[in-house]
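Asker: Before we start, here is the structure in question, set down as C-alpha cells.
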Amino acid sequence: MSTGAIATLLGQQPNNFTGLKTIGKIFFVLDIVLFLAFSACITYRFTTNTRSLNRSLHHPHESFFFGSFFVSIALIIYCMEQYAAPATGPWMIKTLEVLFWGYAGIVMLVAVFQYHVIFDREQLPVTEAMPAWILPVYPFLVLGPLGGTLLKSQPPESGFPIFIGSIAFEGLGWTVAFFMLSIYVTRLINSELPEASKKPGMYVAVGPAAYTANTFVTLAMYAPKHVPDDFLGITSVAAGDILKAVGVAAGIFMWLIAFWFSALTTVSVLVTVKEMHFTLNYWAFIFPNAGLVIALIQISNALQSTGMKWICSVATIILVILWFIVAVLNVRGVLNKLILWPGMDEDMEDVEGHGHDPSEAEDNEDNETTSNDRQTQGETRRRHAPEWAVLAAATFMEHYAEQNERALERKKMAPWVAEVIERHSK
C-alpha cells in the first residue's frame, strides 16, 4: 500500500521537474512486483496450511488486514489512470471504467461479510481498539479519490455515473470509519496509548478524513465537466458550479481533521521514540500521510496557492525518504529474522496461526505436545535474537503456557461440574 501511495503521490506533484514522472513509474512498477510477490507468498501460506486461512480471517487482529489487499488493488488502478491511460488508447479508458465498477462490487461483499464475521464471532474489547479496525471498509475510502481521478479521462456519459458512485462509496467508507474512530478515541481517553512500537499504526486514523477530503475536492473540480447543467432540476445556475463550490469547502473542512490525527500520532511517536523497535506498523508512516498530502495538493490546486504547493512538495520529499528508511529497516529485520519469522513478530500468535478457528477442537494431549514443541523452538531462536526479542518471546511463551494450563484445568473440571448440575436439577 505504501509503495502504491508514493507512486500516486509522485504522479500528482504541483511542482514538476524532468524525470519526476519516470520516478513515479518506477514506483508503480515496483508496486506491481511487490503486490504479485506478496500475493504469491500469502497464497503459499494458505495452501500449505489448510487451516491458516480460516484462522487468519477469524483472528481478532490479523483479520482486519484482509482489506488492505483490496486497497493495494485500488492504488494499482489509480496508477493505471495516472501513468498508463495517457500513453494508451480509448480501450484503457473503458477498461478503467469496468475495473472501477467491478472493484466496487467486490469490496462491498468484503465489507459486509468480513464485518459480519467480526461482529458474529469475535468480542473485541474497547481497550484494545485501534484504527486498523477500519481496514475492512478502507477500500471504499480509496474508491472516492479513484473515481475522481478517473473523471480526468472519462467521457461525460460514463463519467457522471462514476461521479455519483464515488460520492456514495466514499459516504459508506467515511461513515463506518467514523463509527470505528469514535471507539478508537474512546480507547485513547479511557485506556493507555498503544505500546511504543505499535504507535505508528495510529497513523491509519489519518486516512479516512484525508481520502474523504481528497474525494470532495477532486469531484468538485470535475463537477462542471460531468454534471449536467440542469441536474436535479436546477436551472438558475449550473449545478456543476454549485457542487464545485460546496465540494472544495467540504474538502478543506475534512482535511484539518486528518491533520489533527497525524499531528496527534506524531507527538505520541516522538515521546516514546527511544523505546521503539522496528515492526511492520512502521509502514503506516507513509500510506495514510500520503493521502493527507494528496488531499492538500488537490486543495492547493483548487485555491491556486503557491505556498501550499511548496508545502506539498516538501512533504512529498519527507515521505519518499521515510519510504526508503522503512524499506531498509524491513529488509534488515527479515534478514536478521526479527520479523516475518515464526515466533519473532510483533503479533506472534498471528504468524503461528493461533487465531480463533471455530471448526477446530484439539484434545489435551495435542495441546501439551504443541506447547512443548513451541517452547523448544523458542529456546533455539533466543540464542540468536537480541535482548528485546528474547524478552518478548519469553513473555509470549509464559503467557501461552499459563493459558494452556488453565484450559486443561477447565476441561478436567467440566465433567464434575456437569455432574453437580445434573444432581441438583433432579
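The values are calculated or read from the model by the stated rules, or taken from the named source; none is laboratory data. The shown structure was predicted, so the numbers you read here are calculated from the model rather than taken from an experiment. For neighbour counting, all protein chains shown are included, and Cβ atoms are generated from backbone atoms with ideal geometry for every residue, glycine included.
Asker: State yes or no: is residue 103 under 18 Å from residue 145 (Cβ atoms), of a type outside the set (Asp, Glu) and without any contact (Cβ under 8 Å) to a residue 60 or more places away in the chain?
Answerer: The answer is yes for residue 103.
Asker: Here are the criteria: (1) more than 24 Å from the chain's Cα centre (by Cα); (2) assigned to a helix (DSSP H, G or I). Tell me which single one residue 236 does not satisfy.
Answerer: With respect to (1) more than 24 Å from the chain's Cα centre (by Cα); (2) assigned to a helix (DSSP H, G or I), residue 236 is out only on (2).
Asker: OK, next. Among the residues of the range 248-269, is any at pLDDT 90 or above, in contact with a Gly (Cβ under 9 Å, 6 or more places away or on another chain), closer than 22 Å to residue 13 by Cα and in a helix (DSSP H, G or I)?
Answerer: Yes.
Asker: Which one is farthest from residue 191 (Cα to Cα) among residues in the range 118-170 that are assigned to a helix (DSSP H, G or I) and without any contact (Cβ under 8 Å) to a residue 40 or more places away in the chain?
Answerer: Among residues in the range 118-170 that are assigned to a helix (DSSP H, G or I) and without any contact (Cβ under 8 Å) to a residue 40 or more places away in the chain, the one farthest from residue 191 (Cα to Cα) is 157.
Asker: Taking only the range 276-296 into account, find how many residues are modelled with pLDDT under 90 and outside any loop (DSSP other than H, G, I, E, B).
Answerer: 2
Asker: Does residue 76 qualify as being under 29 Å from residue 265 (Cα atoms), assigned by TED's automatic domain parsing to the domain that holds residue 331 and at pLDDT 95 or above?
Answerer: When the stated conditions are applied, residue 76 passes them.
Asker: Here is a further query. Select from the range 1-40 the residues that are out of contact with any helix residue (DSSP H, G or I) (no Cβ under 7 Å at 6 or more places or on another chain) and under 22 Å from residue 309 (Cα atoms) and list them in ascending order.
Answerer: Across the range 1-40, the qualifying residues are 16, 17, 18, 19, 21, 22.
Asker: Using beta carbons and a limit of 7 Å, which pairs, at least six apart or on different chains, have the first residue in the range 218-237 and among the β-branched types (Val, Ile, Thr) and the second one loosely packed, with under 10 Cβ neighbours inside 10 Å and modelled with pLDDT of 85 or more?
Answerer: Pairs found: none.
Asker: Before we move on, is residue 63 part of a loop (DSSP other than H, G, I, E, B) and surrounded by 15 or more Cβ atoms within 10 Å (Cβ to Cβ)?
Answerer: Considered against the rule, which asks whether it is part of a loop (DSSP other than H, G, I, E, B) and surrounded by 15 or more Cβ atoms within 10 Å (Cβ to Cβ), residue 63 comes out as no.
Asker: List pairs: first in the range 51-69 and at pLDDT 80 or above, second among the polar types (S, T, N, Q) and assigned to a helix (DSSP H, G or I), Cβ under 8 Å, 6+ apart or cross-chain?
Answerer: Cβ pairs passing all conditions: 66/56; 66/114; 67/114; 69/39.
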